[in-house]
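**Student:** Got a structure here, written out as structure tokens. Questions coming.
The values are calculated or read from the model by the stated rules, or taken from the named source; none is laboratory data. Because the structure is predicted, anything quoted here is derived from the model rather than measured. Methodologically, a virtual Cβ is constructed for each residue, glycine included, from the backbone with ideal geometry; neighbour enumeration extends over all protein chains shown. For accessibility, only protein heavy atoms count, side chains too; no ligands or nucleic acids. Shrake-Rupley method; radii C 1.70, N 1.55, O 1.52, S 1.80 Å.
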Amino acid sequence: MGDVYCADCKRMTEVVFDHAAGDTVCSECGLVLESHSIDETSEWRTFANESGDNDPVRVGGPTNPLLTDGGLSTVISKPNGTTSDFLTSSLGRWQNRGSNPDRSLILAFKSIATMSDRLGLVATIKDRANEIYKKVEDQKSSRGRNQDAILAACLYIACRQEDKPRTVKEICSVANGATKKEIGRAKEYIMKQLELENGQSVEIGTIHAGDFMRRFCSNLGMGNQTVKAAQEAVRKAEEFDIRRSPISIAAAVIYIVTQLSDDKKPLKDVSLATGVAEGTIRNSYKDLYPHLSKIIPNWYAQEDDLKNLCSP
């Protein structure tokens, strides 16, 4: 029971939900406020002593427009136990003989989903990566190439297009053994294939140092004020002509801001959290050092605090 506005009573009244009919009924006047409601809760209960091998779900997954049959094909599962009758075994043999044209796509989508889950990516990025891989696969030109690198590159491009970029090193950590060089080559190959299909250049978005700040700061366990100062500093740093990659600038700004706080982070920890080599952070720090007075917010650090920083 709950309080819902009733049109007849002209006020909030308690309602009763009829599970058998799917109706929401006003408890005072009996008006049916909503009918044929869909129960989205689970239709079964799982107990601790039950085996986890039996899947009680009686419906499949959602339709997938990227598959030939929309993902609604029927699969004859293997019988439980070691013994089976002739009918079941015959159906199983026919199931194995039937060729599924989407088998390779399904396996690729599963790999992309696994990598996305390990990186904590949202479903829109995963779906975009699936679309990119489907376009490349339809051209039948990726055979003989490293499929793990192709899948990882699709995920990298999808992150860029959805304005949620990940570093190549982060993608490489979940790419089933594919190296950064292989992913880089696969990315260039996919971009060429997409340009051939569309007949024009493909935009994948521009990487900014601020795109990585919140995630890197979270990896270091930095406080809210320190994170806010780092985000403001990295935005100001982009106004200067600093010939460094956005990831290197982000790592250097984080290192500088933490050195100005009470919770100082050693260079090694910043390097591990950002995936940037310590030497690269030092070089970026050297390029940022002359502009610190204009980069670091005044509310976070004063001129005397900046003088206490070690010179590069």
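**Student:** I'm trying to understand the selection: among the residues of the stretch 183-195, which are touching a residue at least 12 places away in the same chain (Cβ under 8 Å) and open to solvent by 70 Å² or more (accessible area, probe 1.4 Å)?
**Tutor:** Within the stretch 183-195, Arg185 is the sole residue that qualifies.
**Student:** State which residue is farthest from the chain's Cα centre (by Cα) when the search covers only the stretch 256-312 and only residues that are at pLDDT 90 or above and acidic (Asp, Glu).
**Tutor:** Taking the candidates together, the pick is Asp287.
**Student:** Which fully enclosed helices (runs of 4 or more DSSP H) of the stretch 257-308 have 3 or more residues being under 23 Å from Asp241 (Cα atoms)?
**Tutor:** 278-288, 292-295, 303-307
**Student:** Answer yes or no: is there a residue in the stretch 198-207 that is in a helix (DSSP H, G or I) and modelled with pLDDT under 85.
**Tutor:** Scanning the stretch 198-207, I find at least one residue that is in a helix (DSSP H, G or I) and modelled with pLDDT under 85, so the answer is yes.
**Student:** Could you list, in sequence order, all residues of the stretch 208-226 that are open to solvent by less than 40 Å² (accessible area, probe 1.4 Å) and under 22 Å from the mean Cα position of the chain (by Cα)?
**Tutor:** Correct list: Ala209, Gly210, Phe212, Met213, Phe216, Cys217, Leu220.
**Student:** Please state which one of Phe216, Phe212 is at pLDDT below 90, in a helix (DSSP H, G or I) and under 14 Å from Thr167 (Cα atoms).
**Tutor:** Numbers: Phe216 fails: at pLDDT below 90.
Just one listed residue meets the conditions, Phe212.
**Student:** Scan (1) open to solvent by less than 10 Å² (accessible area, probe 1.4 Å); (2) under 30 Å from Ala233 (Cβ atoms); (3) under 17 Å from the mean Cα position of the chain (by Cα) for the single condition Glu170 breaks and write down its number.
**Tutor:** With respect to (1) open to solvent by less than 10 Å² (accessible area, probe 1.4 Å); (2) under 30 Å from Ala233 (Cβ atoms); (3) under 17 Å from the mean Cα position of the chain (by Cα), Glu170 is out only on (1).
**Student:** So which pairs qualify, if the first residue must be in the stretch 246-261 and open to solvent by 10 Å² or more (accessible area, probe 1.4 Å), the second must be acidic (Asp, Glu) and in a helix (DSSP H, G or I), the Cβ gap must be under 8 Å, and the two must be at least 6 apart or on different chains?
**Tutor:** Matching pairs, first to second residue: Pro246/Asp211; Leu260/Asp305.
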